[in-house]
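Student: For reference, the structure I am asking about is given below.
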Amino acid sequence: MPSVAAKRPSLEELSSYFPLTFPIPNPTTHPDLITTNDLHREEDLLRNAQSFRAWWTAINTMRENYIIQAKKEASTTPVPEDLQAVLGPLATLLSRISLQRLTYIYEAALVQFPNSFKLWKSYLNMRMSFVLGKKSEKKRAGGKKKLPEMKEALEEALEDLEEWEAPLDPIVGWEEWRSLIATFERALMWLPKLPRLWLMYLSVFFHPRCPSILSFTHARRTFDRGLRTLPPSLHARIWTQYLLWAEKKGGETVVAVYRRYLRVDPSLTERFTNLLLNPTNSVPRPLEAAKLTLSLARKAARGEYVSPEGKSPYQLLEDWIDIVEKFPEEVGLDVDDTDASNDAIAKEDAEKESAKEAIKAGGDGQLIKAAGPPGSVTADGIKSEPYSEDEDPTSPKKLNIENIVQKDGLAVYKDQAGRLWTGLATYWIKRGDFDRAKEVFEQGLRSVLTLRDFTQIFDTYVEFLESLISAMMEALENEDDEEDAAETETALDQRMKELEDLTDRRPFLSNDVMLRRNPNDVQEWEKRVALWGEDDDQVIKTYTKALETINPRKATANFHRLYVNFAKFYEEGGVSGQADPDLISARKILEKGTKVNFKGVDELAEVWCEWAEMELRHENYDEAIRVMQRATAIPKNTKISYHDHTLSAQARLFKSLKLWSFYVDLEESIGTVQSTKAVYDKILELRIANAQIIVNYASFLEEHEYFEDSFKVYERGVELFTFPVSFEIWNIYLSKFVKRYGGSKLERARDLFEQALEKCPPKSCKPLFLMYAQLEEDFGLAKRSMAIYERATQAVADEDKFEMFSIYIAKATANFGLPATRPIYEKALEVLPDRQTAEMCLRFAALERKLGEIDRARAIYAHASQFCDPRVNPQFWSEWNQFEIETGSEDTFREMLRIKRSVQAQFNTEASYLAAQTISARQGAKKPDEGSAEPQDAMAAAEQQARKGASGPAFVPSSKKVVDGQNAPSETASSAPVANTDEIQISDDEDM
């Protein structure tokens, strides 16, 4: 092989190097292709021409040799930068000769294996590396989806676009570029159904140095041939590259390619609209983008389209509004054309309505189905929408923005009215039609139903006027002509007046929004009245309109206040009070209010009561009585249910306790005793009285010294009500009766108490028993009193029994002495729960000690010990310990300790331990240290001694004292300070 080293050629000589691979080099045309070192390889290939392994081994050997020689040459002889920039991979003689040799051997192999994909792929990669340059490898994290959506596939393909370094100049090396393309064409001739070869071929057109003669028309035709050649299941892979190539080229190319693809898959329409608005090599196409976006919004609203971006139908419509705001001149019609279009649309809608009316059936009123819908039905049986020029991107007709916003926006998305109105107004502002924009703002303020939308429109409206005023002021400063300046100043004054008027109208406009949202909102009507201030005429109009508009059955709370406040308006002489009071008009309004079918009877009752109060304020007392008599007129059928909402409020008014309560108060104030009694009796007859009415009636009679009548009222009350309501009546009744008669009517009082206790529940009978027993103590027999207390201990609720027994014991002690209480204590111990039994046992034991019954007291302590955990109830054991020290013996003390240990073992549970810890924390008790110098009580010292296991001291009677160490306890026991010198120390061993 000759030396590859050569002198550096000039740029004029570079073109003479090419073509290198066309025609295909062979030993006849290129003698230097085969050296003497290659003869063995050639002979082997001639002998094994059908062996693919032999050819593949020869190819790989040649490639490896080239790589080794290229690295060695690069380290010894660097290539000049200008030559590298032009020739790229073919800048050296070695690379050019290697290309020819590799081409020769690949072509020879393909003659034998023309259908080998592996061979063709390797050959094409080799040819691409010598023309396109060195390919930069990209590192990927994770794998690809097997079948991604087209949107994701485009994004992934865009990230995976191949990048090349130092390619062959397309002008100098044009022959090699063309030869590479020809090689791809030959490969696809042999293997037309392999998508990998097509993708390799198409990747050439993405090369930044690809000649324009190849990267435009030829590339487009190649993409088309790929789609025609490959089966439909593989079209997505071609379309991914095709769309990216079209996006890169821009202009008419991207429009034509995307239109073709969107007929098959409309999911990329949003991406296409972005390309139309932000093109690469051409001007924007806002009209086409707006029509496509509008079509998507309508299809999404019908459920025929799902946005790959996750956008809702409203968001798509909002994108359309953004386009309209950005390109108003290119997208929408002007004012005159819009008016003409609106008139045509209105006329068409009217004709459709008349046609619907015309096709109605003559007799039964049923609709007759038309011959066919304006749309068409596809092969799948899905009805398609009729053709709309507003959705056709190929149509040059501009859009009627107002009509689209009304029908596709405001009629559908009522909760987004603010954005839609401001978008429409912004469209007219961008077109310079300020008057039309002002009309849109006003129309929006008059139609929105939420404060959010109102605030959005109002703020935009104010901002528009302020910016307009600012622009006029700047123009006025720069104006030289006096006439033009005067005209501008006049227009400026008008705009400022409009802004001021708009600001003043804001409270009214906001109130209008709330009333449109709910015309039955009483509170908003009251706010409306307050907004007019002292303008009496407008207040009257507002009240009148409110009463005409509000539906009583749908009104919010306090609808009656409108009638009442309207009547007070006339009564007080207007808002300012400067006019004369007009009671006649006030009565007419209240009269009208009494005929309204309110939701609640109480509202109707309030109207009647307010009417009567108005008459009272003007000292028309007889008229007030007559008003209440009219209101409380009782119908013939009194079995009507007050809670039957199917009946009108007027039909149920006679059972309104609020109305009767006001009436009876009125009679008490200005009526007679008889008239008041008559009203109270009617309330009781209607059976609508509550406990307060009963008490008031009885108190009224008592004030006028009708005592027996008042007692009869109490008796009627306890018949009407059951416990616990009747308990209050009985309590008042019995206390009044006892206070009135004392012991003069004792049998009658006893009978009343027995009646009260007969049905009284346990939780309420305690006060009645105490009152009953006190009556017997004061005016009857002590024996009967004790019997009542005994009944009470059985009848009252469990939580009251301990207190009842305590009272019973106290009364028995006072009347019969201490011994008489023993049966009561014994019964209490049987009845009371465990916690209260221990407390009662301590009292019982104290009683027995007073009576000198020590053994009985000790037995009581033993009985109570089973309920007292030593850790929870230390007071009980301390008291028993003191009792044994004072009255017991060594045996009794030892028995007490044994019982304590057994009880503690019985309560030795986690719950008991936690309860003891809680009580100890609450009481702030501290366990004394064993070695502390603080004195301990006798019980603690005894327990400590028992734990240590020391032998206890001899029993010391309570009358004998330890003096000078005589009869002293053991040395261990004496080391601990003892507070009680008479303490009995008994060890656990002595208990055996």
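The values are calculated or read from the model by the stated rules, or taken from the named source; none is laboratory data. Since the model is a prediction, treat every value here as computed from it, not as a measurement. Every residue, glycine among them, receives a Cβ derived from its backbone with ideal geometry; neighbour counts consider all protein chains shown. Just the protein is used for accessible areas: all its heavy atoms, side chains included, with ligands, DNA and RNA removed. Shrake-Rupley method; radii C 1.70, N 1.55, O 1.52, S 1.80 Å.
Student: Residue pairs, Cβ under 7 Å, 6 or more apart or interchain, first in the stretch 659-671 and touching a residue at least 12 places away in the same chain (Cβ under 8 Å), second aromatic (Phe, Trp, Tyr). List them.
Tutor: If the second residue must be aromatic (Phe, Trp, Tyr), the pairs left are 659/608; 664/680; 668/700; 670/621.
Student: Within the stretch 678-686, can one find any residue that is small (Gly, Ala, Ser), in contact with a Phe, Trp or Tyr (Cβ under 8 Å, 6 or more places away or on another chain) and open to solvent by less than 80 Å² (accessible area, probe 1.4 Å)?
Tutor: no
Student: Across the stretch 798-832, what is the number of residues that are under 60 Å from the mean Cα position of the chain (by Cα) and closer than 11 Å to residue 786 by Cα?
Tutor: Result for the stretch 798-832: 1.
Student: If you don't mind, another one. Can you work out which of the residues in the stretch 41-71 that are in contact (Cβ under 8 Å) with a residue 60 or more places away in the chain and in a loop (DSSP other than H, G, I, E, B) is least open to solvent (accessible area, probe 1.4 Å)?
Tutor: Residue satisfying both the conditions and the ranking: 49.
This table checks each residue for (1) among the charged types (D, E, K, R); (2) in contact with a Leu (Cβ under 8 Å, 6 or more places away or on another chain).
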{"site": "779", "(1), (2)": "no, yes"}
{"site": "789", "(1), (2)": "no, no"}
{"site": "795", "(1), (2)": "no, yes"}
{"site": "799", "(1), (2)": "yes, no"}
{"site": "802", "(1), (2)": "no, yes"}
{"site": "807", "(1), (2)": "no, yes"}
{"site": "817", "(1), (2)": "no, no"}
{"site": "820", "(1), (2)": "no, no"}
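Student: Restricting to the stretch 760-804, name every residue that is basic (Lys, Arg) and farther than 21 Å from residue 832 by Cβ.
Tutor: Within the stretch 760-804, 783, 784 qualify.
Student: Just the residues that are over 13 Å from residue 52 (Cβ atoms) and open to solvent by 10 Å² or more (accessible area, probe 1.4 Å), please, taken from the stretch 109-125.
Tutor: 121, 125 - these are the residues of the stretch 109-125 that are over 13 Å from residue 52 (Cβ atoms) and open to solvent by 10 Å² or more (accessible area, probe 1.4 Å).
Student: While we're on this one: Any idea which of 216, 223, 206 is in the same structural domain as residue 172 (by the TED database), open to solvent by 70 Å² or more (accessible area, probe 1.4 Å) and of a type outside the set (D, E, K, R)? Steps first, please.
Tutor: Details: 223 fails: open to solvent by 70 Å² or more (accessible area, probe 1.4 Å); 206 fails: open to solvent by 70 Å² or more (accessible area, probe 1.4 Å).
Every option except 216 fails the conditions.
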